[in-house]
Amino acid sequence: MDVGKLRADTPGCARVAHLNNAGAALPPRSVLDAVTGHLALEATIGGYEAAEREAAAIEHFYDAIAGLIGARADEIAYVENATRAWDMAFYSIPFAEGDRILTTSGEYSSNAIAYRQVASATGARVEVVPDGPDGAISLPALDAELAKGGVRLVSLNHVPTHNGLVNPAAEVGRLCARHGVLYLLDACQSVGQLAVDVREIGCDMLSATGRKFLRGPRGTGFLYVRREIVPTLEPPFLDLHAAEWRAPDYEPRPDARRFETWERFVAGQLGLAAAADYASALGMDEIEKRVVSLAATLRTELAARPGTSVLDRGTRKSGIVTFTVDGHEPRAIQQAVREQGINVNVSSPAAHGYDPDAVAAAVRASVHYYNTEEEIGRLLTALP
Ligand SMILES: Cc1ncc(COP(=O)(O)O)c(C=O)c1O
């Protein structure tokens, strides 16, 4: 990987040591150009006319995302963020009284709120599968829960927002397939940093965002739904793009675009396609290798500092590194390093409400392949 060239391709690298890629990564120039170019075209010739002119590029979005995650173009929907993408899948599932929803302690709280809402409306039950000793979902515990029956959905994230681990998504997929249970994977923090292949994982639905490790624009995301189950899921909201009006009734589209709306941030869709193309051209295996190695370096260096605790769990770890420094508030650390041109974030327990081990707050430094060892060194020097 020619890191110098990749950094030259990323305008933000000249200004900041950006270690907040799990928040929103720095986009490469091709993403910036796709977004600003289309906004300029809309302003010059009109929004509808610009979309018509760029119809082929808009259509390419579906191939670009499908190619990135091993899906087919008709299994992809463009949605404005990961939460809505996930919602469109989750709220399409017809839950009934007594249905069991299995999730993990590392679940993102927006999803947990949706479970509670649906549970109180339908009588479905939400159950947190115990963690294994490393903090990731326990596969034997999941297998045992599935064997009891009544499970309508297994729903978890691939990479939690706050504890550095990678859940064994493909092993979960094999268990779900064996028990014939629907599987929804929140890949918001994994797409763009880890190689993600929906066939290998075996998930039925997968949601992701544009702005994080994928390096796309804010306000973009996508949903994957396996072709065979699209017809079984009626989205909670439909418009006349998602469904066809056949007086006096309607028919949802046959493909995953039934989860979309007609009106959209077209410039963002083109920017997200450019981001997916950029990642695919670099190669997700190469990206993952560098991200994981930079994060391992950062963890090792942090752990060697007196008074610094690395909180990450998991046998397999991602590019998300969380830590605390004795006697220093994470927010104060974030502020202090920002004054030195270094971006990190703070994770708060409100985002992962099921986690019994969550600390009050932690510094979250999330690396990407365009970061350097020198930037990691700068962070370590800037810490109190
Ligand atoms: C694991 C996980 N899922 C979902 C989301 C929500 O993504 P979005 O803000 O794009 O809706 C986040 C955001 O941080 C996340 O970390």
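Quick notes on this one:
- Those residues of the stretch 169-198 which are away from the ligand (no atom under 16 Å from the Cβ) and part of a loop (DSSP other than H, G, I, E, B), in sequence order: Gly180, Val181, Ala195, Asp197
- Residue list for the stretch 124-152, restricted to those being within 16 Å of the ligand (Cβ to nearest atom) and either assigned to a helix (DSSP H, G or I) or touching a residue at least 60 places away in the same chain (Cβ under 8 Å) (or both): Val128, Gly135, Ala136
- Selected residue [more than 16 Å from the ligand (Cβ to nearest atom), surrounded by 14 or more Cβ atoms within 10 Å (Cβ to Cβ) and farther than 30 Å from Thr10 by Cα] from Pro248, Pro236, Pro252: Pro252
- Taking residues in the stretch 88-112 that are farther than 24 Å from Pro252 by Cβ, and partners anywhere that are within 11 Å of the ligand (Cβ to nearest atom) and aliphatic (A, V, I, L, M), the pairs with Cβ atoms closer than 7 Å and at least 6 places apart or on different chains are Thr103/Leu156; Thr104/Leu156; Glu107/Leu156; Tyr108/Ala351; Ser109/Ala351.
- Count - residues of the stretch 199-211 that are over 11 Å from the mean Cα position of the chain (by Cα), assigned to a loop (DSSP other than H, G, I, E, B) and at negative phi: 2
- Residue match in the stretch 159-174 (condition: over 26 Å from Val292 (Cβ atoms), hydrophobic (A, V, I, L, M, F, W, C) and either surrounded by fewer than 23 Cβ atoms within 10 Å (Cβ to Cβ) or free of Cβ contacts under 8 Å to residues at least 24 places away in the same chain (or both)): no
- Some residue of the stretch 121-129 being among the basic types (Lys, Arg), buried (at least 19 other Cβ atoms within 10 Å of the Cβ) and closer than 22 Å to Ala144 by Cα: no
- Single residue of the stretch 79-123 satisfying the filter (of a type in the set (S, T, N, Q) and over 26 Å from Glu263 (Cβ atoms)) that is nearest to the ligand (Cβ to nearest atom): Ser109
- Test: residue in the stretch 322-335 that is surrounded by 22 or more Cβ atoms within 10 Å (Cβ to Cβ), among the basic types (Lys, Arg) and under 25 Å from the mean Cα position of the chain (by Cα): no
- Scanning the stretch 217-233 for residues that are farther than 19 Å from Glu200 by Cβ and surrounded by fewer than 20 Cβ atoms within 10 Å (Cβ to Cβ) yields Arg218, Gly219, Pro231, Thr232.
- Tyr278 satisfies every condition listed in (1) assigned to a helix (DSSP H, G or I); (2) aromatic (Phe, Trp, Tyr); (3) over 30 Å from Gly37 (Cα atoms) except (3).
- Check on Leu214, assigned to a loop (DSSP other than H, G, I, E, B) and either β-branched (Val, Ile, Thr) or surrounded by 24 or more Cβ atoms within 10 Å (Cβ to Cβ) (or both): yes
- Subset of the stretch 1-54 that is farther than 15 Å from Asn343 by Cα and basic (Lys, Arg) - its residue that is surrounded by the most Cβ atoms within 10 Å (Cβ to Cβ): Arg7
Every number here is computed from the coordinates shown, using simple stated rules; none is lab data. If you're wondering where the values come from, they're calculated on a predicted model, not measured in any experiment. With ideal geometry, Cβ positions are generated from the backbone for all residues, glycine too; neighbour counts draw on all protein chains shown.
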